[in-house]
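> Please find one structure pasted underneath; my questions will follow.
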Amino acid sequence: MEPGLLGIIVLSVMILMLSLGIPIAFTLCSITTVGVLATWGPSGLYLLFNTAYAESTSFLLLAVPLFIFMANQLKFSGMGDDLYEMVYRWMGNLSGGLAIGTVVICAIFAAMAGISSVATISMGLIALPSMLSRGYDKNLAVGSISAGGALGILIPPSIIMILYGAMTEVSVGKLFIGGIIPGFLLCLVFIGYIVVRTLFNRNLAPPVAERYSFREKLMVLKSVFPPIFLVLLVLGVIYFGICTPTEASAVGAFGAIVCAALQKKLTWKNLKESLWSTTKLTSMVFWLIIGANAFAHFLAFTEIQGLIKDGVLALDVSRWMILIAIQGIYFLLGMFLDPAGILMLTTPLFVPIIIELGFDPLWFGILFTLNMEMAYVTPPFGFNLFIMKSIVPPEIKMADIYRSIIPFVLLQALTLVLIMIFPALATWLPNLMIGG
């Protein structure tokens, strides 16, 4: 069989299996196994074994379980309660202050965790009841938590960025630093939206009645120092070339343990739950990585990547139109698939095209990550939306959660456009790095 025809058949079968709801990791592994057996016979299975061994022993990917463990330790440390108390005392008397503070806390958690679920779950359990009980509009409250939690994959450290770097050989350290300005820009855009909206309609987010003295406000600031110090430590050692991202992940994991100990939450039960949660999530991620890499190697044999690249490059359109079309495809895929799965499926196809068109793969990686942040909150299958559904009171329906996120998705799209127009927002800091 001609390699090109084989590639078309493989992609068609993959789309069919995904449409049937088969998990991406097992779809990729099974298609690759059947394809390898049909092409090279049993001896070709060494492709799967070699891929599994190479990816499982990758020094770069060692950062994945360490950052996941770091996130889980922070989840059990009780830090969210302390941070929210700080926000409540300092910003509660402002219209929309609790929603603004919630976004700020989500950004802090994002800079410590690397995944979106930590901030979404923590703020959903802590901030949402507080805002609803004080008369906040349910759409504003739910939307700010869902969108704020999604910052976890854009503000470094980010598991998605680690996987993108591993797939494309782009420096993970530079990806991390490149995500700082876009991440905090998006945070400011969310805050600006809340400020403007509550300015014109104060009934959406009335100020709280409680008042605190300046001394009482100062007392809660101590809760901010451990997380801020941990963020600066992890990003600082990467930026100044002291540690690689993998080494920095070990620093962050140890720092998270120290934070939990300072909060008197470093118990055997919490540690056991952190380790078990880390094991489950890491296993899922590595199955995706193994399946995707084996599938990419097999696709290379089928020559389908080259056919797609040549076909796209032959189009008589601007390279910017191709870039916009790719972002549109990412957005549509994000409505139905997991971001890690989208990364594994599309990176071998799209990144060679981007490089051939003369775009910076580092900048494209930031665009991709921001697009995947949108995927976490885009109906109908946004991951954060289902997390929120498991937390919200019964009177808040799934339709309410969908409506709550629409303005924030539009703000994410606006930020994506800004970074496309001004690439320096993503590339300026990485170009100043001392280390790679």
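> Relative to the longest principal Cα axis of the chain, at what angle does helix 3-19 sit, 0 to 90 degrees, rounded to 10?
It works out to around 30 degrees.
> In the stretch 294-403, which GluC sites (Glu not before Pro) are in a loop and have at most 10 other Cβ atoms within 10 Å, using DSSP for the loop call?
Numbers: sites: Glu303, Glu356, Glu373, Glu395; in loops: Glu303, Glu395.
Those that pass, being in a loop and sparsely packed, are Glu395.
> Report, to two decimal places, the Cα Rg of the stretch 206-248 normalised by 2.2 N^0.38 Å (N = number of residues). If you can, show how the numbers build up before the last one.
Details: Rg = 17.1 Å, N = 43, 2.2 N^0.38 = 9.2 Å.
That ratio works out to 1.86.
> Still on this structure, please answer the following. Report the Cα-based extents of the stretch 193-291 along its three principal axes, largest first, to the nearest Å.
51, 36, 35
> Continuing with this model, one more query. Which three extents, in whole angstrom, do the alpha-carbon atoms of the chain cover along their principal axes, largest first?
The principal-axis extents, from largest down, are 77, 46, 46 Å.
> Ok, one more. If you average the sequence gap of Cα pairs under 8 Å that are 6 or more apart and divide by the length of the stretch 188-331, what percent do you get for the contact order?
Details: 23 pairs, mean separation 14.1, N = 144.
Relative contact order comes out at 10 percent.
> Then there is this: Which lysines have a Cα less than 21 Å from the Cα of Lys272, not counting those fewer than 8 places away in the same chain?
Lys75, Lys264, Lys280
> Now for a separate question. Taking only DSSP H segments of four or more residues, each worth -39500 (n - 2.57), what value at 222 nm results for the chain once the sum is divided by all its residues, to the nearest 500 deg cm²/dmol? Working shown, then result.
Values: 22 runs with 329 residues, N = 436.
Calculated mean residue ellipticity at 222 nm is -24500 deg cm²/dmol.
> Sticking with this one: Output ³J(HN,Hα) for the stretch 173-182: one whole-Hz value per residue in order, computed from phi by the Karplus curve 6.51 cos²θ - 1.76 cosθ + 1.60 with θ = phi - 60°, and x for Gly and Pro.
Result, ordered by residue: x, 5, 4, 4, 5, x, x, 5, 5, x Hz.
> With every atom except the alpha carbons ignored, what do you get for Rg and Dmax of the stretch 255-323, in angstroms?
22.6, 63
> Enumerate the calculated ³J(HN,Hα) couplings along the stretch 146-151 in order (Karplus 6.51 cos²θ - 1.76 cosθ + 1.60, θ = phi - 60°), each rounded to whole Hz, writing x wherever the residue is Gly or Pro.
Once rounded to whole Hz, the list reads 4, 6, x, x, 5, 4.
> Sticking with this one: Starting at the first residue of the stretch 382-389, write each ³J(HN,Hα) from the Karplus equation 6.51 cos²θ - 1.76 cosθ + 1.60 with θ = phi - 60°, in whole Hz, x for Gly and Pro.
After applying 6.51 cos²θ - 1.76 cosθ + 1.60, I find x, 4, 5, 5, 6, 4, 4, 4 Hz.
> Tally Lys and Arg at +1 and Asp and Glu at -1 over the other residues with C-beta under 15 Å from the C-beta of Glu395: what net charge comes out?
Details: positive: Lys138, Lys389, Lys397, Arg403; negative: Asp137, Asp400.
The answer is +2.
> Please compute the contact order of the chain in relative form: average sequence separation of alpha-carbon pairs under 8 Å and at least six residues apart, divided by the residue count, as a percent.
Details: 642 pairs, mean separation 114.3, N = 436.
After rounding, I find 26 percent.
> Now, a different point. With axes computed from alpha carbons, what is the tilt in degrees of helix 225-239 against the longest principal axis of the chain, rounded to the nearest 10 within 0 to 90?
30
> Here is a follow-up. Rounding to the nearest 10 and keeping the result within 0 to 90°, find how far the Cα-based axis of helix 63-75 lies from the longest principal axis of the chain.
Approximately 20 degrees, to the nearest ten.
Only the coordinates and a few stated rules stand behind these numbers; no lab work does. Computed from a predicted structure; not experimentally measured. As a convention, Cβ positions derive from the backbone with ideal geometry for all residues, glycine included, and neighbour counts pool all protein chains shown.
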